[in-house]
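Colleague: Can you keep this structure in mind? I'll have questions shortly.
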Amino acid sequence: MLNLNQSATLPSAIASLHQCKESIFNISNRAPVRPGAGPGEKPDELHAALGRIGCGQVLLIRDRVIEASATARAILERECRHITGRETLYSALRQLVNRAGAQIPVGSTTWLATSTKEGVTSLVNQIVHDRSDDTSTIILLDLDAHPEPTPRTLQRLFGFTAAETQLAVELARGRNLLDIARSRRLSRTTIRSHLAALFVKTQTRRQVELVALLGRVAVLP
(Lines give C-alpha, C1' and ligand atoms only; values in the text may rest on other atoms or scores of the structure.)
Protein backbone atom coordinates (compact mmCIF):
# COMPACT_ATOMS: atom_id res chain seq x y z
CA MET A 1 0.00 0.00 0.00
CA LEU A 2 1.23 3.46 -0.87
CA ASN A 3 2.46 5.41 2.14
CA LEU A 4 1.83 9.12 1.69
CA ASN A 5 3.77 10.06 4.79
CA GLN A 6 7.20 9.39 3.34
CA SER A 7 9.13 9.50 0.10
CA ALA A 8 11.03 6.27 0.74
CA THR A 9 10.51 5.15 -2.85
CA LEU A 10 12.66 8.02 -4.08
CA PRO A 11 16.36 7.26 -4.49
CA SER A 12 18.49 8.71 -1.70
CA ALA A 13 20.44 10.89 -4.13
CA ILE A 14 17.22 12.60 -5.19
CA ALA A 15 15.56 12.66 -1.77
CA SER A 16 18.63 14.35 -0.26
CA LEU A 17 18.51 17.28 -2.67
CA HIS A 18 17.07 20.50 -1.27
CA GLN A 19 13.51 21.18 -2.30
CA CYS A 20 12.62 24.63 -3.54
CA LYS A 21 9.27 26.15 -4.31
CA GLU A 22 10.77 27.21 -7.62
CA SER A 23 13.37 25.12 -9.39
CA ILE A 24 16.22 26.44 -11.47
CA PHE A 25 14.41 25.13 -14.53
CA ASN A 26 11.43 27.38 -13.87
CA ILE A 27 13.84 30.29 -13.56
CA SER A 28 15.63 29.39 -16.79
CA ASN A 29 12.39 29.02 -18.72
CA ARG A 30 11.57 32.66 -18.02
CA ALA A 31 15.02 34.25 -18.25
CA PRO A 32 16.53 35.39 -21.55
CA VAL A 33 18.88 32.88 -23.11
CA ARG A 34 21.52 35.54 -23.61
CA PRO A 35 22.02 38.85 -21.84
CA GLY A 36 21.14 40.71 -25.04
CA ALA A 37 18.30 38.53 -26.26
CA GLY A 38 15.34 40.52 -27.54
CA PRO A 39 11.74 39.94 -26.39
CA GLY A 40 10.74 38.42 -29.75
CA GLU A 41 13.80 36.21 -30.07
CA LYS A 42 13.26 32.46 -29.73
CA PRO A 43 15.42 30.67 -27.14
CA ASP A 44 18.12 28.37 -28.45
CA GLU A 45 16.78 24.80 -28.39
CA LEU A 46 20.09 23.28 -27.29
CA HIS A 47 20.42 25.73 -24.41
CA ALA A 48 16.82 25.03 -23.42
CA ALA A 49 17.37 21.25 -23.49
CA LEU A 50 20.55 21.56 -21.43
CA GLY A 51 18.74 23.87 -19.03
CA ARG A 52 16.05 21.29 -18.35
CA ILE A 53 18.70 18.87 -17.08
CA GLY A 54 20.59 21.52 -15.10
CA CYS A 55 23.38 22.42 -17.58
CA GLY A 56 24.37 25.95 -18.46
CA GLN A 57 27.01 27.34 -20.84
CA VAL A 58 29.26 30.35 -20.34
CA LEU A 59 31.48 31.92 -23.01
CA LEU A 60 34.48 33.75 -21.62
CA ILE A 61 37.13 36.01 -23.15
CA ARG A 62 39.97 36.53 -20.70
CA ASP A 63 38.28 38.04 -17.63
CA ARG A 64 34.94 38.90 -19.21
CA VAL A 65 31.74 36.87 -19.60
CA ILE A 66 30.50 37.58 -23.12
CA GLU A 67 27.56 35.17 -23.15
CA ALA A 68 25.70 33.01 -20.64
CA SER A 69 22.74 30.72 -21.15
CA ALA A 70 19.76 31.28 -18.88
CA THR A 71 20.58 28.31 -16.65
CA ALA A 72 24.24 29.32 -16.34
CA ARG A 73 23.16 32.86 -15.47
CA ALA A 74 20.81 31.53 -12.77
CA ILE A 75 23.62 29.40 -11.28
CA LEU A 76 26.07 32.31 -11.29
CA GLU A 77 23.56 34.81 -9.88
CA ARG A 78 22.84 32.36 -7.07
CA GLU A 79 26.58 32.11 -6.44
CA CYS A 80 26.84 35.92 -6.30
CA ARG A 81 24.99 35.87 -2.97
CA HIS A 82 28.10 34.41 -1.33
CA ILE A 83 30.50 37.01 -2.73
CA THR A 84 31.56 40.12 -0.85
CA GLY A 85 32.40 43.23 -2.81
CA ARG A 86 31.50 43.73 -6.44
CA GLU A 87 29.06 41.05 -7.49
CA THR A 88 29.47 40.14 -11.16
CA LEU A 89 28.90 37.02 -13.19
CA TYR A 90 32.63 36.77 -13.77
CA SER A 91 33.45 36.98 -10.05
CA ALA A 92 30.89 34.25 -9.37
CA LEU A 93 32.40 32.11 -12.13
CA ARG A 94 35.89 32.78 -10.79
CA GLN A 95 34.79 31.59 -7.36
CA LEU A 96 33.41 28.35 -8.80
CA VAL A 97 36.61 27.75 -10.78
CA ASN A 98 38.77 28.41 -7.71
CA ARG A 99 36.64 26.09 -5.60
CA ALA A 100 37.26 23.34 -8.14
CA GLY A 101 41.00 24.03 -8.04
CA ALA A 102 40.93 24.50 -11.79
CA GLN A 103 42.46 26.81 -14.38
CA ILE A 104 40.68 28.01 -17.52
CA PRO A 105 43.23 28.15 -20.34
CA VAL A 106 42.43 30.38 -23.32
CA GLY A 107 40.56 28.45 -25.99
CA SER A 108 39.58 25.60 -23.66
CA THR A 109 36.29 23.86 -22.94
CA THR A 110 35.74 22.99 -19.28
CA TRP A 111 33.01 21.04 -17.52
CA LEU A 112 32.28 21.89 -13.87
CA ALA A 113 29.74 20.19 -11.58
CA THR A 114 28.58 22.39 -8.71
CA SER A 115 26.35 22.11 -5.64
CA THR A 116 25.36 25.21 -3.70
CA LYS A 117 23.83 23.04 -1.00
CA GLU A 118 27.09 21.20 -0.38
CA GLY A 119 29.29 24.18 -1.24
CA VAL A 120 31.45 22.14 -3.61
CA THR A 121 32.48 22.42 -7.25
CA SER A 122 34.40 19.74 -9.12
CA LEU A 123 36.27 19.70 -12.41
CA VAL A 124 34.72 16.96 -14.55
CA ASN A 125 36.62 17.28 -17.82
CA GLN A 126 38.65 19.76 -19.82
CA ILE A 127 39.82 20.08 -23.43
CA VAL A 128 42.70 22.55 -23.41
CA HIS A 129 43.13 23.45 -27.10
CA ASP A 130 39.50 23.25 -28.19
CA ARG A 131 39.21 26.65 -29.93
CA SER A 132 41.59 28.64 -32.08
CA ASP A 133 40.44 32.05 -30.79
CA ASP A 134 40.58 33.64 -27.32
CA THR A 135 37.17 32.31 -26.29
CA SER A 136 36.85 29.72 -23.54
CA THR A 137 33.71 27.68 -22.86
CA ILE A 138 32.57 26.60 -19.40
CA ILE A 139 29.75 24.10 -18.99
CA LEU A 140 28.14 24.23 -15.54
CA LEU A 141 26.11 21.31 -14.19
CA ASP A 142 23.86 22.13 -11.24
CA LEU A 143 23.89 19.04 -8.99
CA ASP A 144 21.09 20.47 -6.82
CA ALA A 145 18.56 20.76 -9.64
CA HIS A 146 15.85 18.28 -10.61
CA PRO A 147 15.46 17.51 -14.33
CA GLU A 148 11.97 18.70 -15.17
CA PRO A 149 10.12 17.60 -18.32
CA THR A 150 7.74 19.98 -20.04
CA PRO A 151 3.99 19.34 -19.66
CA ARG A 152 3.59 19.25 -23.45
CA THR A 153 6.18 16.49 -23.79
CA LEU A 154 4.52 14.41 -21.07
CA GLN A 155 1.10 14.73 -22.66
CA ARG A 156 2.33 13.95 -26.17
CA LEU A 157 4.64 11.11 -25.15
CA PHE A 158 2.48 9.34 -22.58
CA GLY A 159 -1.02 10.74 -23.06
CA PHE A 160 -1.23 12.13 -19.53
CA THR A 161 -4.30 14.07 -18.48
CA ALA A 162 -3.83 17.57 -17.06
CA ALA A 163 -4.03 16.24 -13.49
CA GLU A 164 -1.60 13.41 -14.21
CA THR A 165 0.80 15.84 -15.89
CA GLN A 166 0.80 18.12 -12.87
CA LEU A 167 1.54 15.19 -10.56
CA ALA A 168 4.37 13.98 -12.81
CA VAL A 169 6.00 17.43 -12.88
CA GLU A 170 5.76 17.72 -9.09
CA LEU A 171 7.35 14.29 -8.67
CA ALA A 172 10.13 15.27 -11.07
CA ARG A 173 10.78 18.34 -8.89
CA GLY A 174 11.46 16.01 -5.97
CA ARG A 175 8.28 16.60 -3.99
CA ASN A 176 6.74 13.75 -2.01
CA LEU A 177 3.17 12.55 -2.42
CA LEU A 178 1.89 13.84 0.89
CA ASP A 179 3.03 17.41 0.18
CA ILE A 180 1.59 17.24 -3.34
CA ALA A 181 -1.75 16.00 -2.04
CA ARG A 182 -1.89 18.75 0.59
CA SER A 183 -0.91 21.58 -1.77
CA ARG A 184 -3.43 20.47 -4.39
CA ARG A 185 -6.08 19.63 -1.79
CA LEU A 186 -6.48 16.08 -3.06
CA SER A 187 -7.49 13.01 -1.11
CA ARG A 188 -5.19 10.02 -0.71
CA THR A 189 -7.50 8.00 -2.92
CA THR A 190 -7.29 10.55 -5.73
CA ILE A 191 -3.52 10.94 -5.59
CA ARG A 192 -3.09 7.15 -5.53
CA SER A 193 -5.35 6.89 -8.57
CA HIS A 194 -3.31 9.47 -10.48
CA LEU A 195 -0.05 7.76 -9.54
CA ALA A 196 -1.40 4.38 -10.65
CA ALA A 197 -2.31 5.91 -14.01
CA LEU A 198 1.23 7.26 -14.38
CA PHE A 199 2.62 3.78 -13.76
CA VAL A 200 0.36 2.24 -16.39
CA LYS A 201 1.01 4.87 -19.06
CA THR A 202 4.79 4.88 -18.55
CA GLN A 203 5.02 1.11 -18.03
CA THR A 204 6.82 1.60 -14.73
CA ARG A 205 6.10 -0.19 -11.47
CA ARG A 206 7.77 1.92 -8.80
CA GLN A 207 8.06 5.60 -8.06
CA VAL A 208 11.85 5.48 -8.37
CA GLU A 209 11.52 4.11 -11.92
CA LEU A 210 8.96 6.77 -12.80
CA VAL A 211 11.13 9.64 -11.53
CA ALA A 212 14.17 8.27 -13.39
CA LEU A 213 12.13 8.11 -16.61
CA LEU A 214 10.84 11.65 -16.14
CA GLY A 215 14.43 12.82 -15.73
CA ARG A 216 15.46 11.15 -19.00
CA VAL A 217 12.70 12.78 -21.04
CA ALA A 218 13.43 16.23 -19.57
CA VAL A 219 15.73 16.98 -22.52
CA LEU A 220 12.83 16.81 -24.96
CA PRO A 221 11.17 20.12 -25.98
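Colleague: Quick one: work out Rg over Rh on the C-alpha atoms of segment 91-221, Rh as Kirkwood radius.
Modeller: Across segment 91-221, the Cα-based Rg/Rh ratio is 1.15.
Colleague: Report ³J(HN,Hα) in whole Hz for each residue of segment 202-213, in order, from the Karplus equation J = 6.51 cos²θ - 1.76 cosθ + 1.60 where θ = phi - 60°; Gly and Pro get x.
Modeller: Result, rounded to whole Hz: 9, 6, 10, 10, 10, 5, 5, 5, 4, 5, 4, 5.
Colleague: Can you list the residues, at least 5 places off or on another chain, whose amide H is less than 5 Å from the amide H of THR135, using H built in the peptide plane?
Modeller: Correct list: GLY107.
Colleague: OK, next. Quick check of the Kirkwood formula: for segment 93-170, what is the inverse mean of 1/r over all pairs of different Cα atoms, in Å?
Modeller: Across segment 93-170, the inverse of the average 1/r is 15.0 Å.
Colleague: Relative contact order, percent, of segment 86-147 when contacts are C-alpha pairs under 8 Å separated by at least 6 residues?
Modeller: 35 percent
Colleague: With all protein chains present, calculate the accessible area of GLU148 using a 1.4 Å probe and round the result to the nearest 10 Å².
Modeller: 20 Å²
Colleague: I need the P(r) histogram for segment 149-221: all alpha carbon pairs, bin width 10 Å from 0 out to the longest distance, whole percents.
Modeller: Result returned by the calculation: 20, 60, 19, 0.
Colleague: Leaving out ligands, DNA and RNA, what percent of the accessible area of segment 49-109 is carbon and sulfur, probe 1.4 Å?
Modeller: The value for segment 49-109 is 45 percent carbon and sulfur by accessible area.
The values are calculated or read from the model by the stated rules, or taken from the named source; none is laboratory data. The model shown is predicted, which means the values in this text are computed figures rather than measured ones. In case anyone asks, the SASA skips ligands and DNA or RNA and just uses the protein heavy atoms, side chains included. Shrake-Rupley method; radii C 1.70, N 1.55, O 1.52, S 1.80 Å.
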